[in-house]
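I have placed the structure first, in the form of structure tokens, so that the comments after it can refer back to it.
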Amino acid sequence: MKNKEIKQVEPEAIENQQAALQQAKDILSTPAMFRFFKLLFAKKEIKEVYKIISKKNTNNNEEIDKNFNSNNVFETHNFNFWYNNHSKQALRDINIKIRRNKVTALIGPSGCGKSTFIRCLNRMNDQIDGTSSDGKIFFDKGINLRSKKLSTLELTTRVGMIFQKPSPFPMSIYENVAYGPRSHGINNLEQLDKIVEDSLKGAALWEEVKNSLYDLGTSLSGGQQQRLCIARAIALKPEILLMDEPTSGLDPIATSKIELLINKLKQDFTIIIVTHSMGQAQRISDDTVFFFQGSIIEADATKLMFTSPKNKRTREYISGKIG
């Protein structure tokens, strides 16, 4: 919260505005069943600040950004994120626009906030105790990501996730891909057969597994498992694919196949990928965003980012002087 909003409370009622704000935010991030008791014993000034920020949070949840650009899938406005009950700030004042049907690469040293940010885009971090955020992330057509009009189920269906380590379910190749559609009520066998085939073709895996669909997904090679996970994700026909270092544990041949696949998939999906490989970012992405210590240092078209970066720190990272 900005200081000018704190001033709505009588100055003499707050001995230390920053301390009051911090404690009020801590209460707001507490599970609802315990929040009542914390508020019950909180000082009067803490309660007043809490009323202000909780009202602001409610208003933000319902907000629609009428200026949202339809060419984008996400727009963030001064977004901040904390772990450990506000004691560790992972993201600082993130402002970025992510273009539709493009590949956006997130680069930066380990621990700079890339994976945290990508997990905020489908609210996966909400599952972690002690996390909190402020600022806004707007999704397709300008809806606030935390709006009650956007359910978590709808969001995770429209925004698929591919993890660093391939994670096929301990079931057949066919059932791995059919799992999502089945969970959404699709049980017609002919319809499922078509979804499985189309998804495996979309993931460039069909020709390799069409005669072994009922073998375990875990029996595939690492690169094939990752493509199976991509097939599983696209079976639900999401609009966006989030990829958190999807080739980090793969050999060069498997990595090349995934990169070729990404370039093909961007015709139908928006892809946001975290990568530590400068070469990979240049080969597959249209836009690149450089994170450093929780902040975005620079964002630009990939070609411009790697040929004429504007920021000194970007130049140092790309050249290997910092990491």
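The values are calculated or read from the model by the stated rules, or taken from the named source; none is laboratory data. What you see is a predicted model; the values in this text were computed from it and never measured. Counting neighbours? That spans all protein chains shown, and the Cβs are built from the backbone with ideal geometry, glycine included. In case anyone asks, the SASA skips ligands and DNA or RNA and just uses the protein heavy atoms, side chains included. Shrake-Rupley method; radii C 1.70, N 1.55, O 1.52, S 1.80 Å.
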Using the structure shown, decide if residue 292 is touching a residue at least 40 places away in the same chain (Cβ under 8 Å) and either open to solvent by 20 Å² or more (accessible area, probe 1.4 Å) or at positive phi (or both).
yes
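If you take the residues in region 170-196 that are in a loop (DSSP other than H, G, I, E, B) and open to solvent by 80 Å² or more (accessible area, probe 1.4 Å), which one is farthest from residue 106 (Cα to Cα)?
188
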Cβ-Cβ below 6 Å, separation at least six or inter-chain, first residue in region 135-155 and within 19 Å of residue 69 (Cα to Cα), second open to solvent by 60 Å² or more (accessible area, probe 1.4 Å) and assigned to a loop (DSSP other than H, G, I, E, B): which pairs?
144/63
Can you report the number of residues in region 233-264 which are in a helix (DSSP H, G or I) and open to solvent by less than 10 Å² (accessible area, probe 1.4 Å)?
3
Count, please, the residues in region 95-143 that happen to be part of a helix (DSSP H, G or I) and aliphatic (A, V, I, L, M).
2
Specify the residue that is least open to solvent (accessible area, probe 1.4 Å); the eligible residues are those in region 204-220 that are closer than 28 Å to residue 266 by Cα and touching a strand residue (DSSP E or B) at 6+ places or on another chain (Cβ under 7 Å).
217
Specify which of the listed residues (167, 110, 115, 133) is modelled with pLDDT of 95 or more, open to solvent by 20 Å² or more (accessible area, probe 1.4 Å) and among the small types (Gly, Ala, Ser).
115
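Is there a residue in region 199-207 that is under 22 Å from the mean Cα position of the chain (by Cα), assigned to a helix (DSSP H, G or I) and among the hydrophobic types (A, V, I, L, M, F, W, C)?
Of region 199-207, the ones under 22 Å from the mean Cα position of the chain (by Cα) are 203.
Now narrow it down to the ones that are assigned to a helix (DSSP H, G or I): none.
There is no residue in region 199-207 that is under 22 Å from the mean Cα position of the chain (by Cα), assigned to a helix (DSSP H, G or I) and among the hydrophobic types (A, V, I, L, M, F, W, C).
May I ask you to verify whether residue 234 is over 27 Å from residue 253 (Cβ atoms) and touching a helix residue (DSSP H, G or I) at 6+ places or on another chain (Cβ under 7 Å)?
Working: over 27 Å from residue 253 (Cβ atoms): no; touching a helix residue (DSSP H, G or I) at 6+ places or on another chain (Cβ under 7 Å): yes.
Answer is no for this residue.
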